[in-house]
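This report refers to the structure that appears directly beneath it.
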Amino acid sequence: MASASTGNMHNLTTLIKRLEAATSRLEDIASTVEPSSPLPRSIDDFDTLIDEDMAAFVAASEKLGGLPEEQAKQVQQAFQAERTYLLVSTRAKQPETQPPDLMADLHRHISAVDDLKESNRSSPYFTHLSAVAEGTAALGWIVEKRPAEFVTDILSSIQYFGNKILKEYKDKDETHVKFIQAYYKIFRSLTDYIKQHYATGLTWNQKDGIDCLEALGQIKSGTGPQPTQSGAPPPPPPPLPVLDDIVGPSARAPEGSSTGGDMSAVFSQLNQGSAVTAGLRKVDKSEMTHKNPSLRSSSAIPERSGSQSSSGRGKSPVPNKKPESMRTKKAGRKELDGTKWIVENFDNTGNEVIEIQAELQQSILISRCNKALVKVAGKANAISIDNCSGLSILLDSLVSSLDVIKCTKFAVQINGKVPTLLLDQVDGAQLYLSEASLNAELFTSKSSAINVVVPPSDDDDDSKELALPEQILSVIKDGKLISQVVEHAG
């Protein structure tokens, strides 16, 4: 019996030693792991946007599955690529010219989002894909001087398509409604984020930053500035401020009193009550971080001028020059896909005319064509034009409508009849109507410099140019809002 007891004690002792050895080994391993550098607040907040709002959007897209889910995950990757760009800006000085490698991942994922839309125009999810593709342009805020306004404008473009989804599925399928609302939420949060951290544009580490490509390499490899290595003791904390520097002369201890290590002097000063603050300087509003968010991103407080008036707040650095468009250049394309003509990416065609022989059941989509001339012969169902500049179009007749979105310096000549024209975010347009189209309905929103040219009333007259109103006067009467066009004589 004694032998068995002795054996058990021996086994227990051995087990304890093994546990101690294992614990010691784990402590050694833990002590050799280098803690990562703390991230700037701006990056932490961007991570929150990705982890919460973006994750909610991806989850909503997974309920739809298929193309919306695939596109949503590309958007998520695009935001991750922008997060890398933002982190580079906190470590690097602003480059004189943007190296292509710095935005390569961002371009790749944005192009993937756009390609999913362009290659699936016949999909029942095409409106969803269009709304999401519009949103990726907002990632270009990093090169804008007024980034919050830029993102707000992009959100309006998203809502053009998104509101179609809400209208179609509001009473049919809540999944689609939650999908587009989750997408809206991303850009509302992005606007708030920009206002907090980059109100006047993206800032760089001009003080002690490294080369941007070097910073990019460090981030992708997981290296970079690290805290003190394990094995060496951490640096001692900074000394506590000397109380004499904080309080005024009246609060200082008498010369004969003890100061080194004698806490009675400290308590003596604290016991003075309100007198202890007599020597404190009033903090100017320009030095308050809660009133000047830009101060949070820098460790230095602006120097105070000699007067008591507020010192001027320095402006955050902004990019000197906007780089090339975020979109990748593509070849011109004219193609009939089922019953849809697709015309896109034509630039500076000169005297070349892009001709389309349309049929009654066909619709025409014209996108990203600049300084080009399109001629549509025959009667088509409808024409939709978006993101074009300097486009001129000649057409005969339409069954439905001519829809123009986000275009500048646009011109159309209608030879036959078009019942409806819809213009959204159009800046500068000439609309030449035929006699048969004088009863057409024109709907405009967020548009300016729109002129309608009507044919002469008789042979002796010239064509008449009519400007669409841009200024609206609204008043409240009896609890109702009444609006009317403001006309200027002269």
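The numbers here are math on the coordinates, done by the rules we state, and not lab data. This is a predicted model, so every value here is computed, not measured. Positions of Cβ are generated from backbone atoms using ideal geometry, with glycine treated the same way; all protein chains shown enter the neighbour counts.
Placing dummy labels 7 Å off each Cα toward the beta-carbon, the span from GLU487 to SER119 is 5.5 nm. Rounded to the nearest 20, the Cβ-based charge dipole of the stretch 333-485 about its Cα centre (Lys and Arg +1, Asp and Glu -1) stands at 600 debye.
If we count every other residue with Cβ under 14 angstrom of PHE79's Cβ, Lys/Arg +1 and Asp/Glu -1, where does the sum land? Summing Lys/Arg as +1 and Asp/Glu as -1 gives -3.
Straightening the chain between SER221 and VAL58 buys 56.0 nm, computed as 0.36 nm per residue apart minus the Cα-Cα spacing. A simple packing score, the average count of other Cβ atoms within 10 Å per residue, orders the peptides 158-170, 91-103 as 158-170, 91-103, with the highest score first. Spin-label model, ASP208 to SER457: label points 7 Å out along the Cα-to-beta-carbon direction sit 7.8 nm apart. Across the options GLY378, LEU391, ALA436, the greatest Cα extent toward the positive end of the charge dipole of the stretch 333-485 (unit charges at beta carbon of Lys, Arg, Asp, Glu) belongs to LEU391. Each residue in SER42, SER445 was given a count of other beta-carbon atoms within 10 angstrom of its own, and listing them fewest first yields SER445, SER42.
When you count the other C-beta atoms within 10 angstrom of each residue and take the mean per peptide, 422-431, 125-134, 59-68 line up highest first as 125-134, 422-431, 59-68. For TRP341, the residues whose amide H sits under 5 Å from its own are SER363, ILE364, LEU365, ignoring neighbours fewer than 5 places away on the same chain, with H placed 1.01 Å from N.
Counting Lys and Arg as +1 and Asp and Glu as -1 over every other residue whose Cβ lies under 13 Å from the Cβ of GLY390, the net charge comes to +1.
As an exercise, use a Förster radius of 25 Å and the Cβ-Cβ distance of ILE342 and ALA467 to find the FRET efficiency, rounded to the nearest 0.05. Walk me through the intermediate numbers first.
Details: r = 33 Å, r/R0 = 1.33.
After rounding to 0.05, the efficiency reads 0.15.
Potential lengthening of the chain between ALA199 and ARG41 amounts to 55.4 nm, from the contour at 0.36 nm per residue minus the alpha-carbon distance.
Taken as Cα centroids, the stretch 343-407 and the stretch 125-171 sit 23 Å apart, rounded to the nearest whole angstrom. Listing PHE443, PHE150 from fewest to most neighbouring C-beta atoms within 10 Å gives PHE443, PHE150. Taking a point 7 Å from the Cα of ALA377 along the Cα-to-Cβ direction, the residues of the stretch 346-367 with backbone N closer than 14 Å to it are 353-359. Computed from point charges on the beta carbon alone (+1 for Lys and Arg, -1 for Asp and Glu), the dipole magnitude for the stretch 41-219 about its Cα centre is near 420 Debye.
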